[in-house]
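The values are calculated or read from the model by the stated rules, or taken from the named source; none is laboratory data. Quick caveat: nothing in here was measured; it's all calculated off a predicted structure. Quick reminder, even Gly has a Cβ in these numbers, built from the backbone with ideal geometry, and neighbours come from all protein chains shown.
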Amino acid sequence: MMIDFSILSILTFLPLLGVLFILLVRGNDELVALNSKRVALYTSLFNFALSLVLLVRFDPAQADFQFVEKHTWFSAFDIAYHMGVDGISLFFILLSTFLVPVCIIASWNSIKTRVREYMIAFLVLETFMIGTFCALDAVLFYIFFEGVLIPMFIIIGVWGGARRVYSAYKFFLYTLLGSVLMLVGLLVLMFQTGTSDIPTLMQNPVVGTLQMWLFVAFFASFAVKMPMWPVHTWLPDAHVEAPTAGSVILAGVLLKMGGYGFLRFSLPMFPLATEFFAPVIFWLSVIAIIYTSLVALRQSDMKKLIAYSSVAHMGFVTLGIFTATTQGIEGGIFQMISHGIISAALFLCVGVVYDRLHTREIARYGGLVKNMPKYATVFMILMLGSVGLPGTSGFVGEFLTLMGAFQVDTVVAVFATTGVVLGAAYMLMLYRRMFFGGKLPKDAEAMKDLNAREHLVLVPLVLMVLWLGIAPGFVMERVAPSVEKLIGQYEAGLMAGGKKNG
Amino acid sequence: MEFYAVFMPLFGFLLAFLFGKNMGDKGAQLVTCSGVIISAVLSCILFVEVIYGGGHGHHGAMGDPRTITLMNWITSGTMQVDWALRVDQLTVVMMCVVSVVSSCVHVYSVGYMSHDKCKARFMSYLSLFTFAMLMLVTSDNLVQLFFGWEGVGVASYLLIGFWNHKESANAASVKAFLVNRVGDFGLALGIFAAFFVFGTVQFDALFDAVKSAPDTMMNFIGYELHALTVICLLLFMGAMGKSAQLGLHTWLPDAMEGPTPVSALIHAATMVTAGVFLVARFSPVFEYAPIALMVVTIVGALTAFVAATIGMTQFDIKRVIAYSTMSQLGYMFFALGVSAYGAAIFHLMTHAFFKALLFLGAGSVIHAMSDEQDMRKMGGVWKKIPATYVLMWIGSLALAGIPFFAGYYSKDIILEAAFADHTWFGEFAFWMGIAAALMTAFYSARLLFMTFHGKPRASKKVMDHVHESPPIMLTPLMILSVGAVFAGYIFYEGFVGHHQFWDKSLLVLPENDTVEAAYHVPYWVKKLPIVMGALGLLLGALLYGKFIGLPEKFTKVFAPFHKLFFNKWWFDELYHHAFVRPALFFGDVFTKSDKKVIDGFGPDGVAKTSQKFGGLLSRFQTGYVFQYALVMIIGLIALVTWMFVKITLGFEFGQEG
């Protein structure tokens, strides 16, 4: 062991300690609200600081899992409490610890009812998110992975908008479908191999046609989470009804769990099935990119527009991952990290004007560049990030995934690349309608520019977008060894299955 | 030095953009102007160093081409991309053109935008553009080139839409960005293809790989094709977008919605020539892809011709010059297509001077006429703004290719090279170019006479207000006019003469050396362009200076043609029906299909069905979210319980494989 304390366990469960403290808060409602916010903020900030320790101590050259903790749980089944991180999961943990305090600050004034419960929900969510990315045991993973949904349901259902029940129901139905199939798949996998240890499973892919069935079972769950076309329709509704911070976490972290699942399970454990299904997934990705971009073009609700753009951006991720090329997978991972930041920031931006005017109708805004120049600048940089302008983080992921796709199938690459035109179309349209134009509504004109709290949450995100765009190496060099290892496992699996892939 | 030459404009941008409010308009103008001027001075020093101070083969000599690596950018597997500054002969020429014209435009803008409220923002955007353009020309790999390429696109977008209270300006800026993105779609695919086939995106490595395997084939969209042709055509698609070549040109005339200094700098002198630069930079690849060169020639020739026809019929002074820009870019492209890369860059440089001069001159006119751009409402002002008048004449004569002005040297060598190519498309380009030369001179004279001569057609109020521009605007014009007069004569030998300085920065295969062959074309080929230029000027002067009623009659006689030209060959209408409307239509269809089809058969359908049967799910639909969460927990508990049961039963997992 590299270090002498169980950093991953602390990272995962520290938020629950915060929950405990919040539960102990006493006093009148106002005091409870304030102290709950404070406890949540301090806890999440401390957790973020701790994750930076993780980052610093992480050995970039290592491809294997680091900070491993392993304790027997159910010895009879070889189910263990097994935690560890590698280059693939590292930045998703950081993304989670980074976005939770951002969410808490962003909700500081906009959440007025049941503040204590709200803060508890976010901290529990953080535990499950980090746990998902740390778990190295399939059962443990499943518990965290599905556990995430509970606080998310509650956040949408309690603090959501007018149609929150419908949205939460839809969200539930989709994810239930995926969860059940994955659960069955997981059990079969354990039956077949006698273990739920992820590193062991990665080394020893299951054999025969069973791979196909297991792939499909896991795929169902990950595809819904991603979300891939055509199981994406829960996302726009969930976003529209979720409070701002809920959207931030949903877009920022939850959508990445599907992609992470593909990388942890599908590619290394079911390589033959991955290769077999890859063409289908390419076309689902291409459809996602083109279809949802066109849909985004016609949205009048700004949250819906950004939600649809998320589906398109995730299309690049699935496309990249299933090329099983270095550029494709690294691009997919980078795209997830970048989208986590950009879309989180975009939803925060929507929250900024929503807090002021209480509407997300694009048509109710216009000419904001006049009275909100700082907001306009922030939004401009994020928009450029979203359309994948070189120099922003959005470019690196998109470019690499497409480059990976080109090596595998040029037709797919050509169709997917049309996304760069369509993506620009809806974002520029959104920006033009919100920020430019001569005549503007009186109440929109009266809105004030970003306040100090909004600066505090948005500026770091914008700087991250630029930093990762100009110097993505910091992330890439930590991701690369693990990706290389993953591709090695994938190819070894193909060869063992009697299929040689170039 | 290379670093500061490229990055000073960036510093200017950052300072003016972030602290514009604190330093005031004067401060912002000062930092941006000085940033760019320093860059211009350093670029000129680099130019002299690299072109004239070269070690002539002795490696490491001070003036040799060099590449300075700043830092790593993207590394993914075998693909490695650095932030780097490549300084060779081609680059220093471009750097000088960009930074010198940009300096003139910066200074001019201080005067031109004196009535605008957002001076700091305007100046900072100009500097941002200059930085991106310099990054483009100094890049040593395709990805950094793409960075500059899209960077200038964004700056252009911001500046076209600078007056964002105008709906037309906003529409134009979005159109410019999107049409350029269509080109970038090709460019991006070209980069992918280059990496796929040759495993590198770094110029030198790529060119070496190309040289050693020029016949490589690749599978592209299901066909086995000549790799270099595919790569070149994809890259050329990008060039067509940025350089407004026929097909992807529709954004350029609309881009005139931006303030005039922007039109001068971005949409005439520099950004639109990025495509020419790209093809010239890739001469070591295009040389081995004759079919791609043929396409470049034909597209260039058609662009030169079509744009000139439209230019003759427009009334907006800026649009006339915009179409003339497009036409001149066409010349540059067919020059590239016949392997006369040096000639293309030569015309790029002379054009930058005289076209920036024309635009800024037009800006001076517009400024004087209280923001009037319609030439039908001008006339009779030459005595009131004599300096502008003379400068516009100089620019126009250079554009028309009248001897001893800059444009004469560069346009002549292009036409001769096209003729000397001795291919059918070279000859086609030659005749298209000759026809365009006639029309160019004609609309130049038309512009001058409609704007400056005849009876004043503006209101008395406007006419009383007509005034010569202040020195801060005229000085840059004069500097540019020096270039428009002398640049051709001075640089002829170096760019296209017998002592060319290009060395390894341009590759021309011996059998393709049309610039050399251009010296041996028949006498009439050499003289025809001059005759056409003089004839065009004369015609224009007669029609718009003397027999004022005649043009009206001509348009009636040639009504179908006039209609075609005046409506810009209906490209906009065609694209609207072919692309914009279908995109919106499918957007609507898919929005509906999400609701009706996917949800209909999916969650909503399930809900309805279950409601019918009074099942459990209907209760969920009306129940509280907490219940759903409860179900999840129950599920998880069930999982764990199930395992415990299995344990207690002492069940053993079957093991296989």
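Mind telling me which of the residues B:ASP215, B:ASP204, B:ASP184 ends up being under 25 Å from B:MET79 (Cβ atoms) and assigned to a loop (DSSP other than H, G, I, E, B)?
Exactly one residue qualifies, and that residue is B:ASP215.
Against the definition (crowded, with 24+ Cβ neighbours inside 10 Å, at pLDDT below 95 and part of a helix (DSSP H, G or I)), how does A:LEU319 come out, yes or no?
no
Under the condition of being among the charged types (D, E, K, R) and more than 7 Å from every other protein chain (Cβ to nearest Cβ), which residue from the stretch A:134-163 is farthest from A:GLU69 (Cα to Cα)?
A:ARG163
Give B:VAL296, B:VAL365 a once-over and let me know the one that is among the β-branched types (Val, Ile, Thr) and closer than 20 Å to B:TRP149 by Cβ.
Answer to the check: B:VAL296.
Restricting attention to the stretch B:363-403, which residues are crowded, with 18+ Cβ neighbours inside 10 Å, part of a helix (DSSP H, G or I) and touching a Lys or Arg at 6+ places or on another chain (Cβ under 6 Å)?
none
Report, by residue number, each residue of the stretch B:176-207 that is at the interface with another protein chain (Cβ under 8 Å from one of its Cβ atoms) and within 15 Å of the chain's Cα centre (by Cα).
Those that are at the interface with another protein chain (Cβ under 8 Å from one of its Cβ atoms) and within 15 Å of the chain's Cα centre (by Cα): B:PHE177, B:LEU178, B:ARG181, B:VAL182, B:ASP184, B:PHE185.
Yes or no: the stretch B:570-582 includes at least one residue that is in contact (Cβ under 8 Å) with a residue 60 or more places away in the chain, surrounded by 12 or more Cβ atoms within 10 Å (Cβ to Cβ) and either outside any helix (DSSP H, G or I) or within 14 Å of chain A (Cβ to nearest Cβ) (or both).
yes
Quick one: A:PRO205 ticks every box in (1) crowded, with 23+ Cβ neighbours inside 10 Å; (2) facing chain B (nearest Cβ under 8 Å) bar one, so which box is it?
It is condition (2) that A:PRO205 fails.
If you go through the stretch B:156-175, how many residues are more than 7 Å from chain A (Cβ to nearest Cβ), assigned to a helix (DSSP H, G or I) and not charged (D, E, K, R)?
10
Can you tell me which of (1) under 15 Å from B:ALA5 (Cα atoms); (2) not in a helix (DSSP H, G or I) is the one B:LYS117 doesn't meet?
All conditions are met except number (1).
Can you give me the number of residues within the stretch B:244-273 that are of a type in the set (A, V, I, L, M), under 21 Å from B:GLY433 (Cα atoms) and part of a helix (DSSP H, G or I)?
The qualifying residues number 4.
Give me the residue from the stretch A:470-487 that is touching a Phe, Trp or Tyr at 6+ places or on another chain (Cβ under 8 Å) and closer than 22 Å to A:PRO199 by Cβ and, out of that set, nearest to the other protein chains (Cβ to nearest Cβ).
So the residue we want is A:VAL479.
Condition check: farther than 16 Å from A:ILE341 by Cβ, within 12 Å of chain B (Cβ to nearest Cβ) and not hydrophobic (A, V, I, L, M, F, W, C). Does A:GLY423 satisfy that?
The answer is yes for A:GLY423.
Since A:GLY493 meets every condition but one in (1) within 30 Å of A:MET202 (Cα to Cα); (2) under 27 Å from the mean Cα position of the chain (by Cα); (3) surrounded by 23 or more Cβ atoms within 10 Å (Cβ to Cβ); (4) more than 8 Å from every other protein chain (Cβ to nearest Cβ), which condition does it not meet?
(2)
Take residues that are among the aromatic types (Phe, Trp, Tyr) and over 30 Å from A:GLN299 (Cβ atoms) and tell me which of the helices (runs of 4 or more DSSP H) falling wholly in the stretch A:150-238 contain 2 or more.
Fully inside the stretch A:150-238 and qualifying: A:210-225.
Given the criterion closer than 21 Å to A:VAL396 by Cα and either within 13 Å of chain B (Cβ to nearest Cβ) or over 20 Å from the mean Cα position of the chain (by Cα) (or both), identify the matching residue among A:PHE316, A:PHE270, A:PHE277.
A:PHE316
Output the qualifying pairs, or none if there are none: Cβ atoms under 6 angstrom, residues six or more apart or on different chains, first residue in the stretch A:232-261 and over 18 Å from A:ILE341 (Cβ atoms), second residue of a type in the set (S, T, N, Q).
Cβ pairs passing all conditions: A:ASP237/A:SER167; A:ALA238/A:SER167; A:GLU241/A:SER167.
Of the numbered conditions (1) closer than 30 Å to A:PRO271 by Cα; (2) within 11 Å of chain B (Cβ to nearest Cβ), A:GLY367 satisfies every one except a single condition; which is it?
(1)
Of all residues in the stretch B:13-32, count the ones that are surrounded by 21 or more Cβ atoms within 10 Å (Cβ to Cβ) and over 23 Å from the mean Cα position of the chain (by Cα).
The qualifying residues number 6.
Suppose the filter is of a type outside the set (Ser, Thr, Tyr), within 14 Å of chain B (Cβ to nearest Cβ), crowded, with 24+ Cβ neighbours inside 10 Å and under 19 Å from A:LEU235 (Cα atoms); does A:ALA344 pass it?
no
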